[in-house]
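Written out below as C-alpha cells is the structure these notes cover.
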Amino acid sequence: MEPKKPFHITEQPGIKYYCACGRSAGLPYCDGAHKGSDFHPYRVEILEEKHVAICSCGKSAKLPFCDGAHKALL
Ligand code: FES
C-alpha cells in the first residue's frame, strides 16, 4: 500500500487555516467541517511566498507540516 503523501503548496503571504480534523472537503484547508467536534484548525501566518508540505497522514510531530513520518506508514 502506498503511504500517504503531503500536500505540496506554494503559499502566498497571509493567514492560513489548515484542517486538523480531516473532514474538510477542501483539504488541506479548513472549511469549517470540524464544528461540533473538539478539533480546531491550525492557524499559520505565512510571511512571504514559500513552498510548504502539509501533512495528510496525521502522524507528523510538526503538524500541520509534514516531517516525513508518512514514510513509515504502509
Ligand atoms: S504526510 Fe508526511 S508526515 Fe504526514
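Tabulated data for the structure shown
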| quantity | calculated |
| --- | --- |
| Net +/- balance of residues flanking H34 in space, Cβ distance below 15 Å, scoring K and R +1, D and E -1 | +1 |
| F65/A25 FRET efficiency (R0 22 Å; Cβ-Cβ; nearest 0.05) | 0.55 |
| Förster radius 22 Å - calculated FRET efficiency between C57 and K35 (Cβ-Cβ, nearest 0.05) | 0.40 |
| Sulfur and carbon atoms: percent of accessible area, the range 7-72 [1.4 Å] | 51 percent |
| Residue-level accessible surface for D67, protein heavy atoms, 1.4 Å, Å² | 70 Å² |
| Rounded to the nearest 20 debye, dipole of the chain from Cβ charges on Lys, Arg, Asp, Glu | 240 debye |
| The chain: relative contact order in percent, alpha carbon pairs under 8 Å with at least 6 residues between | 39 percent |
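The values are calculated or read from the model by the stated rules, or taken from the named source; none is laboratory data. Note that the coordinates shown come from a computational prediction; the quantities given were computed from them, not determined experimentally. Virtual Cβ from ideal backbone geometry, glycine too; neighbours counted across all protein chains shown. Calculation scope for accessible area: heavy atoms of the full protein, side chains included, ligands and nucleic acids excluded. Shrake-Rupley method; radii C 1.70, N 1.55, O 1.52, S 1.80 Å.
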